Structures are given as structure tokens and as C-alpha cells.
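The values are calculated or read from the model by the stated rules, or taken from the named source; none is laboratory data. Since the model is a prediction, treat every value here as computed from it, not as a measurement. Using ideal geometry, Cβ is built from the backbone for each residue, glycine included, and neighbour counts are taken over all protein chains shown.
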Amino acid sequence: MSLNFTASNNLYLCLDQGGQASRAMVFDQRGQLITQARETLEPNRPTADRVEYPADVLLASIQRSIEKVLDTLGERRHDISAAGLATQRSNIACWDRQTGQALAPILSWQDRRAHQWLQQLEPQTDVIHQHTGLFLNSHCGASKLRWCLDNLAEVKQAADEERLAFGPMASFIIHRLLDEQPLLSDPVNASRTQLLNIYTSDWDPELLRLFDLPAQALPTIVPNLYDFGTLTVEDISIPMQLVNGDQSTAIFAYGRVQPDTAYVNIGTGAFVSRPSGPACIFSPHLLTSLVLQKDHDRQYVLEGTVNGAATALKWLSYQEGIDNVFEQLPGWLERENNPPVFINGIGGLGSPWWIARLESRFHGEGSKEEKTVAVAESIIFLLNINLEKMHQLASPPEQIQITGGLAQIDGICQRLADLSELPVYRPQETEATARGIAYLLADCPEHWPEPNIGIWFTPQPNAALQTRYAEWKTLMQTAIARLQ
């Protein structure tokens, strides 16, 4: 691999632990990508509601990506001045604070094994929302932590002996990777446990009592930008100065966030964020999410979540025996103009409904090609209904910026523009999380690669798509009504 040398010798090691891979990427002070490495990672799915990673396998994937990228840099690895880590926010881990040994698999944000237990707390939904900005749901970490204590003997024994550490996956990773073995968490990943008070950026005693979880097992909360410890690999030591969530970091990929822009990141799941600066804006349907704390300054967004994006397309590929679904989808989006409508309950419904289980089904017949297009359109429909909810609280944005693996598909971007009636901008580089880490590590420089070399997708009249969207909304209302 050739290296892209620049005049600046200050480099940033950016670690992105995502749903399908662990990545290590190195950027310079000007936001130029120098080199990168990727280790594929697939979760285990022992049952429909369970999604987990063997903790040591996940950790090893991060370590291998770091070693690969440093090998590629050669002597230039000595120019790395800081490292940052971004992770899947609602993943949780349980480990022995004395040995660092994992006591359980890492439970993915997609894991819903505790959703039935969680139903007993439904009368507390409003209290939880007021304290956290989140809605009671099994994707957040608190019910998973409770499940581990109730069902895993090693976790319970460690708690009884006061050896237990548990909380965000990011805390486990830095405990194992850094020389100091810190027991720390940033507030963004901590917030997705549903145990963090969004106003104080600390663990909420009332929520700990509600979920009956031991405060002493949780890591100490510090700002996202902080001296977390030292990453030593072979002959170099790098200060870890940023820990954040993947979606929260992605919106910073191309510099200062703009309040007139809706940020869409579409990969394993799909997420849409509308920045609100230091203001907490609450919605009866959307998340109020903390995205960054630096010292005592905090930034928030309104956020909509789609659980089944790439995971829904993978699900269909298994159901229909489709090979290389992501490679074939662009051509099918161009050719297939009359797909059925898909009710996408893969991974449960996120915003604006928050339903743990909804049967996925097609309305109408179709070939495997048409069904694949229908699943892709369902992702766009879910994003758009979240945008519509955002418009009820703030004026519509002037544009959408889209990043993530599925953003590389023109047909998805164009349909999102057509349906939302907003121009959609896709930067040349769509892997946004690591670039956002670099921007924050570089102290948010004024001059950062501007999003002006990508592609704009201008809204076009698309009556057929609008008709399918209207049909989809009616079908969704009917399906949800049957559950009540």
C-alpha cells in the first residue's frame, strides 16, 4: 500500500469499532487519510433476539488492525501524536476489574434478549425519557446488564466479590488496550446504557435503583476529550485522547456541524441526526442524544434510528439465497421500478415507534431483485418518517449529508433526495467515523477537508416512490395497531 505523505508530521490513529468490522485509520493534521487497515467481524446470532461478539475475538480484531496500520506506516508511526476510539454505543461488556478477563460475551446494541423483562418498567417510560433523552427499549444497555447479572453465574459471582466491572463496550476496550487499565467511560457511550443523566453527565442514582444495578461496578465518567491512558504497541506509546460513539463522531467528519443540515449515517443500522448545539430538544418520538462533551461544554442532536439497514439486506440475502447482495443492489435499484412494499421489523422498530418485535413481511409479490429493492426502500422510508418528525420541532433542514457504507449506492441517495425533497450531499469518502475522530483529535481546525468534492443528488419528481411511501405508512399503522 502506498502512503500519502504530507508536509505535516502530526498524525492521528483513529480506531472505529463497528458492527461489521474493526478499522484503524491514520489521518494527518489536514484531514488527509494516510493509511488504513480493516478486520472483518461478524456477530454471533444464537437466537432471533440475541446478537453478541466473543469479547476476545472483538478485541483481537482491533489489535490486528492497529498492528497492520503501524506496519504500513513504518518509521512514520513515530509521528502519531494521539489516538481516538469510537464504538457502537449501546454494546455492553462485563469483565473482571482485577484481571481484565471478560466474564460474558459483548452484547450488541441489536441484542433484545431482555425485552420481556423490560416490560415491567413501562410505567417509568416518561421518567426515563426525562432523565436520559432516551425511550425505554432493550437496545440500550441497562436491561442487558441486568440480564447478565441475573443469568450469568460468573458475572453474579464477580459482583458479589466486588470484582465486577461492567458498562459500555468502549470501557472494556480501553481497560484492555491501555497500559494504565483505566476504568473510565466517556458520557456518550455511557448515555446509551440508559443510566446516565443527560444534564449532569453522570450515573443517575434513580435509574440505578430502577434497574437494580450496582453503581460500584460502573466506570467513572469523564469528558469525551480526556487523557484516557497510553496505547503501547511495540516500540511506540500513543496517548488515547478521545473516546466517543460511532454515530456521534460521524457527524464531525467534515468539520463543524451545521444546524441547517440533517446528518444520515447508514451502515449496519441507519441514523439521522439534527444538531441542536448546547440545547436539549425533547421529542415524544425521537432521541435527545449527547454527541460530545469537552470539559463542561456539551453538544446534542435530535436523533432518529433505523435498526435494520445492512442487517435487513443481509437477512434477505439469507432468506432468498442471494449472493453478493450489496454488489448487485445498485443495478437492481436502477432497473426495478415496481417493487413490493416491505415492512421492516429487522432488529425491532426504532424511532419513532420503539417496538421490540414486529414481524417483517412483504406486501405484494416480487422477484428476489424486486424484494431487495423493497428492503432498500424500507430503509429510506424509515429515515424519511424520522425526518418528518424532526420537522415538527424545527424548520426543515436545507440539505442532508449522507455517509456510511450504504451511502456509496447512488440509488439509495437519489431515492432519499426524491422522497425527502431535500438535496443530498455525499462526500467523496463515506467512512465518516474515523475522519470525525481525527477532526476532534486535531482540536477542530478551521481548515479541514470541505465537503465540496463529493456528489449532490438533487430531488426529482418520483410519483411512484411517493405512492409506495404512502402505502407503507398505512401498512405500518395497521401492523402496529394489531400489536396494541
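Observations, loosely collected:
- Scanning the stretch 393-423 for residues that are farther than 19 Å from residue 472 by Cβ and free of Cβ contacts under 8 Å to residues at least 40 places away in the same chain, we see that the one that is farthest from the chain's Cα centre (by Cα) is 395.
- Every condition in (1) of a type outside the set (A, V, I, L, M); (2) in a loop (DSSP other than H, G, I, E, B); (3) crowded, with 20+ Cβ neighbours inside 10 Å holds for residue 288 except the one numbered (2).
- Across the stretch 301-350, the number of residues qualifying as of a type in the set (Phe, Trp, Tyr), touching a residue at least 12 places away in the same chain (Cβ under 8 Å) and surrounded by fewer than 23 Cβ atoms within 10 Å (Cβ to Cβ) comes to 3.
- Residue pairs whose Cβ atoms lie under 9 Å apart, sitting 6 or more positions apart in sequence or on different chains, and linking a residue in the stretch 145-171 that is in contact (Cβ under 8 Å) with a residue 60 or more places away in the chain and surrounded by fewer than 21 Cβ atoms within 10 Å (Cβ to Cβ) to a partner that is part of a helix (DSSP H, G or I) and polar (S, T, N, Q), are 163/157.
- Flag if residue 194 is within 15 Å of residue 146 (Cα to Cα) and part of a helix (DSSP H, G or I): no
- Looking across 197, 224, one residue alone is polar (S, T, N, Q), touching a strand residue (DSSP E or B) at 6+ places or on another chain (Cβ under 7 Å) and crowded, with 18+ Cβ neighbours inside 10 Å. It is 224.
- Top-ranked residue of the stretch 84-140 - restricted to ones that are crowded, with 24+ Cβ neighbours inside 10 Å and of a type in the set (Ser, Thr, Tyr), ranked as farthest from residue 13 (Cα to Cα): 138
- Residue-level check: of (1) closer than 25 Å to residue 20 by Cα; (2) touching a Lys or Arg at 6+ places or on another chain (Cβ under 6 Å), residue 358 misses just (2).
- In the set 50, 64, 38, only one residue is assigned to a loop (DSSP other than H, G, I, E, B), out of contact with any His (no Cβ under 8 Å at 6 or more places or on another chain) and modelled with pLDDT of 95 or more; that residue is 50.
- For the stretch 136-163, a residue qualifies if it is out of contact with any Gly (no Cβ under 9 Å at 6 or more places or on another chain) and outside any helix (DSSP H, G or I), and the qualifying residues are 136, 140, 152, 161, 162, 163.
- Boolean, residue 330 is in a loop (DSSP other than H, G, I, E, B), at pLDDT 95 or above and not small (Gly, Ala, Ser): no
- Residue match in the stretch 340-351 (condition: in a helix (DSSP H, G or I) and among the β-branched types (Val, Ile, Thr)): no
- Scan of the stretch 88-118 for residues that are touching a residue at least 40 places away in the same chain (Cβ under 8 Å), at negative phi and of a type in the set (Gly, Ala, Ser), ordered by number: 90, 93, 102, 104, 108
- For the stretch 367-484, the strands (runs of 3 or more DSSP E) that sit wholly inside it and include 2 or more residues that are loosely packed, with under 15 Cβ neighbours inside 10 Å and among the hydrophobic types (A, V, I, L, M, F, W, C) are 455-457.
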